[in-house]
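Engineer: So that we are looking at the same thing, I have put the structure below in structure tokens.
The values are calculated or read from the model by the stated rules, or taken from the named source; none is laboratory data. Just so it is clear, the structure is predicted and the values come from calculations on it, not from any experiment. For neighbour counting, all protein chains shown are included, and Cβ atoms are generated from backbone atoms with ideal geometry for every residue, glycine included. When the accessible area is computed, the model is the full protein with side chains, heavy atoms only, and any ligands, DNA or RNA have been set aside. Shrake-Rupley method; radii C 1.70, N 1.55, O 1.52, S 1.80 Å.
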Amino acid sequence: MSKTNTGNFFEDFKIGQIITHATPRTVTTGDVALYTALYGSRFAVQSADAFAQAIGYEESPIDDLLVFHIVFGKTVPDISLNAVANLGYADCRFLAPVYSGDTLSATSEVIGLKENSNGQTGVVYVRSRGFNQSHELVLEYVRWVMVRKRDVNSPAPAEVVPKLPRALAPDQLGDACPIIDAKKYDFALAGSKHRWGDYLPGEKIDHVDGMTVEESEHMLATRLYQNTAKVHFNQYTEGQGRFGRRLIYGGHVISLARSLSFNGLGNAFHIAAINGGRHVSPLFAGLTVFAWTEVIERAEIPGRDDVGALRLRTIATKDQPTAAHPLMIDEKNYDPSVILDLDYWVLMPR
Amino acid sequence: MSKTNTGNFFEDFKIGQIITHATPRTVTTGDVALYTALYGSRFAVQSADAFAQAIGYEESPIDDLLVFHIVFGKTVPDISLNAVANLGYADCRFLAPVYSGDTLSATSEVIGLKENSNGQTGVVYVRSRGFNQSHELVLEYVRWVMVRKRDVNSPAPAEVVPKLPRALAPDQLGDACPIIDAKKYDFALAGSKHRWGDYLPGEKIDHVDGMTVEESEHMLATRLYQNTAKVHFNQYTEGQGRFGRRLIYGGHVISLARSLSFNGLGNAFHIAAINGGRHVSPLFAGLTVFAWTEVIERAEIPGRDDVGALRLRTIATKDQPTAAHPLMIDEKNYDPSVILDLDYWVLMPR
Amino acid sequence: MSKTNTGNFFEDFKIGQIITHATPRTVTTGDVALYTALYGSRFAVQSADAFAQAIGYEESPIDDLLVFHIVFGKTVPDISLNAVANLGYADCRFLAPVYSGDTLSATSEVIGLKENSNGQTGVVYVRSRGFNQSHELVLEYVRWVMVRKRDVNSPAPAEVVPKLPRALAPDQLGDACPIIDAKKYDFALAGSKHRWGDYLPGEKIDHVDGMTVEESEHMLATRLYQNTAKVHFNQYTEGQGRFGRRLIYGGHVISLARSLSFNGLGNAFHIAAINGGRHVSPLFAGLTVFAWTEVIERAEIPGRDDVGALRLRTIATKDQPTAAHPLMIDEKNYDPSVILDLDYWVLMPR
């Protein structure tokens, strides 16, 4: 029997099955420093213990997306090693703050299966969950991937397609954000004077700056997350493939866009939920990422007057500045520069 | 009103104005590891807690230049986002040791203003200060930059040009260095047997080794410092600019030269002050940095017999080994290989 | 007298001489994060404090190879700055776990000298030792290098060639691994169900994945180890040399192969010893590293029933997948794709 991991194929997944993922991971200030070096993030809550403690955190929490990437990375060897395509994700909520020293582990529950009509592949829906060392749930999200069958003759499973929300409701947001003392929130130190109430649905914000990506950067990032997806690391094989290039992990683009978004959203200190996202086209090293954001919705969080929620749609582009808010060229087709279309909720002081 | 930071223009600065900079930053051993990986620094005091504690530090202090870069980075969005040129810095003193876990923040006080005769730009002088979480001053320096006016018709301010010292005096040095137990300073572990008294004014030291710089390295470094100057990160825009290349942050060159200087200055464990520096010409990725140093002055520090001060002039070059001490080609012009001319004080055990 | 280190030449070494190396180095979680980012290592013991503590470690130990690289790096300025060739290493044992916060230092004892018949070079054998801040021995190994003479007329020393073991014996293994509670070792979290007893001598394992190396990555790594060997960093000089390229530190290849070997050896959580290794040909940036392993021997460790030892031979290649186990093309010559042939002992739960 082979000792190497060949990954799961479509017929290996069963509804209700819970997969325990390797490798648990202690998150440290070393990871935080690397995350800063990779993206240049400047949100004060994640950058300074003194700032975070003043408003009610134990210390600076680990960046939400770093938590996401680490949990996501764990699921790859079991869920998407034989994936033909990452189709989507939804219903992603951050449920408890993660601090330096916490050990993260992950499981995935199979919640949907649908064989494709070609009989060669199928769509697997999993709800992945990240836990800390006290078995507290810190993150959960649903994603669905198209996976190859090992044996095309294996019978199709009963079709189960989960019903997923288009967006999280405001009353589901904020579990990972302690009640903050908004009077202690120093807007000068935070780098922006704009509060939750200053943003209006329909408002579009160009984040102005561009960031060029290098091969070593996206590989350092993706290895930091212990994400083993082959397409990111192996130029020998990818050089003979469809693009001739290593593909950049989609999460790297999300983190770049989030970091760029500080310029215009400096007080959006916490991502509370990701409603969905689309990696519209691939990014390659040498290209420069820009981003802009539209405010989709402004919502109070029931029972809280310290922070409010903004639902944002952030668009990232490659080699295309975003002052003109590039998005669609017609009803169906994205502008060719668009690489990411992300729908998510952030929290801001009121 | 735009939510993005457009930076300050010349007419936004007023004499006496104090600007609080975003983003406070907790410095950690993660930053130290990255700093080591970026420059390969080998000074024992900053490398080993056991060594630092033996001579009187609480633990290894954060490298002086890492402190400088972090504080400097904070000032960029407010001071130099609309800068045409970084003209100089002076009067830079390190005033208290910074340890892992300390949170740094920064302010700048406007101490000089001088509109240029063209009426389109002006020179702004600021005294920038870095503080720790106990509001203790850890660093201060003056820098002056040429900044665009937003409105060329805005009136010129009264001209104020601060008087700046050519060099710090010896009695102003050493506040960031505790009284050390020089008998516990292990010269074998430190990697050099040469003490303060072994260096003579006029002595020239070739640091021998060369270090090639890659795009991802200088960008990782500059993001680590949360320095947002656009010219370092955006190949899309810079590719259409004057050099066709991303410019490397001048502080990256200083740190490379400092690290190379270990070979010949192994016991110069603390930079006490920077008298001034000139970034003679730009550095680009792919080029190799070399460095040599001339000892300008040797000074006792009044009241201290543990350490003495050396005033050094370190010259960094690109693609030019420094055995022949390249510097000027005539009275006015630098050798074209020279990229940095730095005048600073270091401390060494006596 | 020159202040720069010119390194030791052949006639500077004396049998019995003990050299204290600079620079002591505190290892931190920052180093751990960088190590993860550089190689993507996924062994659970080194990744998660909670996992390590469950089986009997104080917390996650520092990766064995990170300890090796840091100790090795210290020896370079004294042992191999004037080396013509790194000829080999042997008898390498890990003797105590190293934890975040420990300060490592190193010495080398000269145990062999043999002038070459050309009278211009000689072979120096040293036993290098790494210590923690409590002067506890954490690592030792022998290496031998060919070093230039400063003065070809200096007399040849008496020839001493140490007798070195071809491999460590099983009873010499395991000092750096506490007695583990194998019942608490969670094979699902570890990512592999294969125990020590599941591996058979003669078994060959292809580790499948490939990892492309970038210039900035190997330089970040080698600087992190404070290894100053000139050939890794200086494109200006190396560009005019034999290969026209910077050479990649051989230890970088070992760490890449070790990380790739997780796929197939996921429970080989500790390298107990390195019997020997050969860097068959150089690696350059842009090439992709693959690896495969043959199990050479399976051994019980006298007095321990928690873990057993596997003696492994791991072969790394460049730009050559390893499903066919490339190795020799005839009795004497390696396949041209082979870059590393490493013989070592790992421990696995029984």
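Engineer: At 1.4 Å probe radius, can you tell me the per residue accessible area of chain A in Å²? Please list the in-between numbers first.
Structural biologist: Values: 12210 Å² over 350 residues.
It amounts to 35 Å² per residue over chain A.
Engineer: Right, next: Placing the label point 7 Å from Cα along the Cα-to-Cβ direction, what are the distances from residue A:20 to the equivalent spots in the other copies, shortest first, in nm to one decimal?
Structural biologist: The projected label point of residue A:20 is separated from its counterparts by 4.9, 5.0 nm.
Engineer: Taking a ≥ b ≥ c as the square roots of the eigenvalues of the Cα gyration tensor of segment B:146-292, is the shape rounded (a/c under 1.5), prolate (a/b larger than b/c) or oblate? Show your work: numbers first, answer last.
Structural biologist: Numbers: a/c = 2.50, a/b = 1.44, b/c = 1.74.
Cα axes put segment B:146-292 in the oblate bin.
Engineer: To continue, here is another question. Report the net charge of residues surrounding residue C:27, where surrounding means a beta-carbon distance below 13 angstrom and charges are Lys +1, Arg +1, Asp -1, Glu -1.
Structural biologist: Numbers: positive: C:25, C:74; negative: B:49, C:31, C:59, C:63, C:64, C:102.
Every neighbour counted, the sum reads -4.
Engineer: List the relative contact order of chain B as a percent without decimals, with contacts defined as Cα pairs under 8 Å and 6+ residues apart. Present the calculation step by step, with values, prior to reporting the outcome.
Structural biologist: Details: 820 pairs, mean separation 67.2, N = 350.
The value is 19 percent.
Engineer: How big is chain A in terms of Cα radius of gyration and Dmax, in angstroms?
Structural biologist: Answer for chain A, Rg first and Dmax second: 20.0, 64 Å.
Engineer: Taking each residue of B:218-229 in turn, how many C-beta atoms of other protein chains fall within 10 Å of its C-beta, and what is the average?
Structural biologist: Working: counts 1, 10, 11, 1, 2, 11, 6, 3, 7, 1, 5, 0.
For this peptide, the per-residue mean of nearby foreign Cβ atoms is 5.
Engineer: Right, another one. Please report the carbon-and-sulfur percent of the accessible area for the protein assembly as shown; probe 1.4 Å, protein heavy atoms only, DNA, RNA and ligands left out.
Structural biologist: On the way: 17870 of 36640 Å².
For the protein assembly as shown, the apolar C and S fraction of the accessible surface comes to 49 percent.
Engineer: In addition: Using a Gaussian network for chain C with springs between C-alpha atoms less than 10 Å apart, which of these wobbles most: C:29, C:222, C:288?
Structural biologist: Most flexible of the set in this elastic network: C:29.
Engineer: Determine ³J(HN,Hα), in whole Hz, for all residues of segment A:42-57 in sequence, where each value follows from phi through the Karplus function 6.51 cos²θ - 1.76 cosθ + 1.60 and θ = phi - 60°; x replaces Gly and Pro.
Structural biologist: So the J values, rounded to whole Hz, are 10, 5, 5, 4, 7, 8, 9, 4, 4, 5, 5, 5, 4, 9, x, 7.
Engineer: Send over the Kirkwood Rh of segment A:148-235, from the inverse of the averaged 1/r over different Cα pairs, rounded to one decimal Å. Walk me through the numbers before you get to the answer.
Structural biologist: Details: mean 1/r = 0.0499 Å⁻¹.
Mean inverse Cα-Cα distance, inverted, gives 20.0 Å.
Engineer: What do you get for Rg/Rh of segment B:194-256 when both radii come from the Cα atoms and Rh is the Kirkwood radius?
Structural biologist: Dividing the radius of gyration by the Kirkwood radius yields 1.18.
Engineer: Let me ask you something else. Taking every Cα atom in segment B:76-185, find the radius of gyration and the maximum pairwise distance Dmax, and write them in Å.
Structural biologist: Over segment B:76-185's Cα set, Rg and Dmax evaluate to 17.6, 64 Å.
Engineer: Now for a different question. Can you give the log10 of the normalised intensity I(q)/I(0) at q = 0.28 Å⁻¹, computed with Debye over equal Cα scatterers of segment C:279-335?
Structural biologist: -1.19
Engineer: Quick one: Karplus J couplings for segment A:312-326, per residue in order, coefficients 6.51, -1.76, 1.60, θ = phi - 60°, nearest Hz, x for Gly and Pro?
Structural biologist: 10, 10, 9, 10, 10, 10, 10, 6, 8, x, 10, 4, 8, 6, x
Engineer: Sequence-distant or interchain residues sharing an amide H contact under 5 Å with residue A:138, placed H: which?
Structural biologist: A:130, A:131, A:132
Engineer: Of A:300, B:217, A:215, C:331, which has the most accessible area and how do the rest follow, probe 1.4 Å? Before the final figure, lay out the partial values.
Structural biologist: Details: A:300 115, B:217 5, A:215 25, C:331 185 Å².
My answer, sorted largest first, is C:331, A:300, A:215, B:217.
Engineer: Give the ranking of B:2, C:105, C:216 by solvent-accessible surface, highest area first, calculated with a 1.4 Å probe.
Structural biologist: Working: B:2 70, C:105 30, C:216 5 Å².
From most exposed to least exposed: B:2, C:105, C:216.
Engineer: Regarding segment C:1-117, what are the three Cα extents along the principal axes, ordered largest first, in Å?
Structural biologist: 55, 32, 24
Engineer: Here's another thing I want to ask about it. Semi-axes of the equivalent ellipsoid for segment B:49-93, please: Cα gyration tensor eigenvalues, times 5, square-rooted, ordered largest first, whole Å.
Structural biologist: Rounded to whole Å, the semi-axes are 33, 11, 6.
Engineer: What's the average, rounded to a whole number, of partner chain beta-carbon atoms within 10 Å of each residue's beta-carbon in B:231-242? Write down the numbers at each step before the final one.
Structural biologist: Numbers: counts 0, 3, 8, 8, 9, 12, 6, 3, 3, 0, 0, 0.
The shielding value for this peptide is 4.
Engineer: If you take each beta carbon of peptide B:56-63 and count the beta carbons of other chains within 10 angstrom, what is the mean?
Structural biologist: On the way: counts 0, 0, 0, 2, 5, 0, 0, 0.
Partner Cβ neighbours, averaged per residue: 1.
Engineer: Am I reading the B/A interface right? What is its buried accessible area, both sides, 1.4 Å probe, to the nearest 100 Å²?
Structural biologist: Details: alone 15220 and 15200 Å², together 27390 Å².
Interface between B and A: roughly 3000 Å².
Engineer: With a 1.4 Å probe and all protein chains kept in place, how do A:346, B:160 rank by accessible area, largest first?
Structural biologist: Accessible-area ranking of A:346, B:160, largest first: B:160, A:346.
Engineer: Of A:268, C:56, B:97, whose Cα points farthest to the positive end of the dipole of the protein assembly as shown (charges on the beta-carbon: +1 Lys, Arg; -1 Asp, Glu; origin at the Cα centre)?
Structural biologist: Farthest towards the positive pole: A:268.
Engineer: Can you flag which of B:230/C:230; B:3/B:74; B:149/B:318; A:74/C:184; A:74/B:74 are past 30 Å Cα-Cα? The partial results should precede the final answer.
Structural biologist: Values: B:230/C:230 33 Å; B:3/B:74 19 Å; B:149/B:318 34 Å; A:74/C:184 21 Å; A:74/B:74 35 Å.
Pairs exceeding the cut-off: B:230/C:230; B:149/B:318; A:74/B:74.
Engineer: With θ set to phi - 60°, apply the Karplus curve 6.51 cos²θ - 1.76 cosθ + 1.60 along segment B:89-106 and write out the HN-Hα couplings as whole Hz, x wherever there is a Gly or Pro.
Structural biologist: Values, residue by residue: 8, 7, 6, 9, 10, 8, 10, 7, x, 10, 10, 3, x, 5, 9, 9, 9, 8 Hz.
Engineer: Right, here's the next one. For chain C, set up a GNM with springs between Cα atoms under 10 Å and report which of C:181, C:12, C:63 has the largest fluctuation.
Structural biologist: C:12
Engineer: Over the Cα atoms of segment A:58-134, each weighted equally, I'd like the Debye log10 I(q)/I(0) at q = 0.11, 0.14, 0.16 Å⁻¹, rounded to two decimals.
Structural biologist: With no solvent term, the Cα-only Debye profile gives -0.35, -0.53, -0.66.
Engineer: Normalised by the empirical 2.2 N^0.38 Å for globular proteins, what value does the Cα Rg of segment C:213-350 take? Walk me through the numbers on the way to the answer.
Structural biologist: Details: Rg = 16.6 Å, N = 138, 2.2 N^0.38 = 14.3 Å.
Here the answer is 1.16, to two decimals.
Engineer: Continuing with the same structure: Which FRET efficiency, nearest 0.05, do residue C:148 and residue A:135 yield, Cβ-Cβ r, R0 51 Å?
Structural biologist: Numbers: r = 60 Å, r/R0 = 1.18.
Once the sixth-power term is evaluated, E becomes 0.25.
Engineer: Taking the label point 7 Å from Cα in the Cβ direction, how far apart in nm is residue B:116 from each other copy of itself, listed shortest first?
Structural biologist: 6.0, 6.0
Engineer: Taking the Cα atoms only, what angle lies between the long axis of helix C:29-39 and the longest principal axis of chain C, rounded to 10 degrees?
Structural biologist: 90 degrees
Engineer: How would you order A:164-171, A:140-147, B:251-258 from highest to lowest mean count of nearby Cβ atoms within 10 Å?
Structural biologist: Working: A:164-171: 15.1, A:140-147: 22.0, B:251-258: 24.1.
For the peptides A:164-171, A:140-147, B:251-258, the packing ranking is B:251-258, A:140-147, A:164-171.
Engineer: Which whole-angstrom value gives the distance between the alpha carbon centres of segment B:70-117 and segment B:273-350?
Structural biologist: Cα centroid of segment B:70-117 versus Cα centroid of segment B:273-350: 21 Å apart.
Engineer: Averaged across orientations, what area in nm² does the convex hull of the alpha carbons in the protein assembly as shown project? Present the calculation step by step, with values, prior to reporting the outcome.
Structural biologist: Numbers: hull surface 172.1 nm².
Projected over every direction and averaged, the Cα hull of the protein assembly as shown covers 43.0 nm².
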